[in-house]
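Q: Handing you this structure, nothing more for now.
The values are calculated or read from the model by the stated rules, or taken from the named source; none is laboratory data. Given the structure is predicted, the values throughout are model-derived calculations rather than measurements. Cβ placement follows ideal geometry from the backbone for every residue including glycine, while neighbour counts extend to all protein chains displayed. Areas reflect the complete protein model, heavy atoms only, side chains present, ligands, DNA and RNA absent. Shrake-Rupley method; radii C 1.70, N 1.55, O 1.52, S 1.80 Å.
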Amino acid sequence: SFVYLIQNNLLYVAASNLDVATYQITYQLKILTTAMFAVTMLNKKLLGLQWMSLLILVSGVAMVQLSDVKEQSSASTEEQSKLIGFSAALTACCLSGFAGVYFEKILKGSDISVWMRNVQLALLSVPLGFCTTMLKDGGAISEKGFFHGYDSFVWFTVMQNALGGLLVAVVVKYADNILKGFACSLAIIITCVASIFIFDFSLSFQFAVGAALVISSIFLYGYQPKPKQNNKTMERI
């Protein structure tokens with residue numbers, strides 16, 4: 001729970017210092033860190049195509065970061081720090097990979113369901129998050145109240161994140177890697193398209209190529225080749 005708490009706070013720092021499309025693409029590095037922790041902690045073996053997809057993923061994210069993205073200058077953009085945002089996103093990716101693999105290890109080693117594990121994590125995260133909030137913004141909360149500034153958009157975002165957490169549990173239980181790859185790729189495409197119309201985000205050619213590499217690497221990582229049947233086995237049948 002403490003690792004997830006730090007990860008979520010780092011994601012807010014990254015989101016406040018990076019544009020939406022770059023943040024979404026960069027955070028896909030969590031697939032690389034998850035694979036690394038899965039190999040070291042769960043002794044999982046990856047196929048050659050999966051390792052290739054991880055290299056393509058790193059190349060795509062690098063192209064996105066090095067691309068000359070032309071954005072219209074605004075007050076919020078001038079206050080952003082690309083270095084802080086990328087460092088926070090990269091640290092969050094490492095914590096996400098570790099927490100996800102450790103959660104999988106605990107889940108498969110016990111008879112407790114995914115839903116109960118989510119409830120346990122939430123019960124532990126709420127006090128930790130409340131303490132962090134009071135330490136950082138205790139004065140403002142005591143003066144204006146805890147729910148100051150909560151408008152309909154904030155409540156919608158909270159409900160959306162809560163629903164997303166529940167959907168993650170359903171995906172872990174019922175879906176496979178290919179379906180998760182479709183979901184991640186669709187989320188990236190929707191984010192980039194929405195950024196163009198909402199935040200006046202302009203895509204350069206290098207950014208588009210990097211995003212295409214990230215999307216293709218997700219599909220390649222979820223691809224599972226069919227095992228070849230032995231000729232002797234076919235003759236016996």
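Q: Using the structure shown, decide if Leu135 is among the hydrophobic types (A, V, I, L, M, F, W, C), surrounded by fewer than 13 Cβ atoms within 10 Å (Cβ to Cβ), modelled with pLDDT under 85 and within 25 Å of Val20 (Cβ to Cβ). Lay out the reasoning, then the answer.
A: Numbers: among the hydrophobic types (A, V, I, L, M, F, W, C): yes; surrounded by fewer than 13 Cβ atoms within 10 Å (Cβ to Cβ): yes; modelled with pLDDT under 85: yes; within 25 Å of Val20 (Cβ to Cβ): no.
It is false that Leu135 is among the hydrophobic types (A, V, I, L, M, F, W, C), surrounded by fewer than 13 Cβ atoms within 10 Å (Cβ to Cβ), modelled with pLDDT under 85 and within 25 Å of Val20 (Cβ to Cβ).
Q: Here is a further query. Restricting the first residue to region 104-130 and requiring it to be open to solvent by 100 Å² or more (accessible area, probe 1.4 Å), which pairs with a second residue that is in a helix (DSSP H, G or I) meet a Cβ separation below 7 Å and a spacing of at least six or different chains?
A: Lys105/Met41; Trp115/Ala169
Q: If you check Ser1, Ser67, which single one turns out to be modelled with pLDDT under 75 and over 20 Å from the mean Cα position of the chain (by Cα)?
A: On the way: Ser1 fails: over 20 Å from the mean Cα position of the chain (by Cα).
Every option except Ser67 fails the conditions.
Q: Does Asn43 satisfy the condition of being at pLDDT 80 or above and either in a helix (DSSP H, G or I) or surrounded by fewer than 15 Cβ atoms within 10 Å (Cβ to Cβ) (or both)?
A: Here the answer is yes, as Asn43 does meet what is asked.
Q: Kindly provide the set of residues from region 203-224 that are assigned to a loop (DSSP other than H, G, I, E, B), surrounded by fewer than 16 Cβ atoms within 10 Å (Cβ to Cβ) and modelled with pLDDT of 70 or more, ordered by number. It would help to see each step written out before you state the result.
A: First, pick out the residues of region 203-224 that are assigned to a loop (DSSP other than H, G, I, E, B): 203-204, 223-224.
After this cut, where a residue has to be surrounded by fewer than 16 Cβ atoms within 10 Å (Cβ to Cβ) as well, the list is 204, 223-224.
Once the filter is applied, which keeps residues that are assigned to a loop (DSSP other than H, G, I, E, B), surrounded by fewer than 16 Cβ atoms within 10 Å (Cβ to Cβ) and modelled with pLDDT of 70 or more, region 203-224 yields Ser204, Tyr223.
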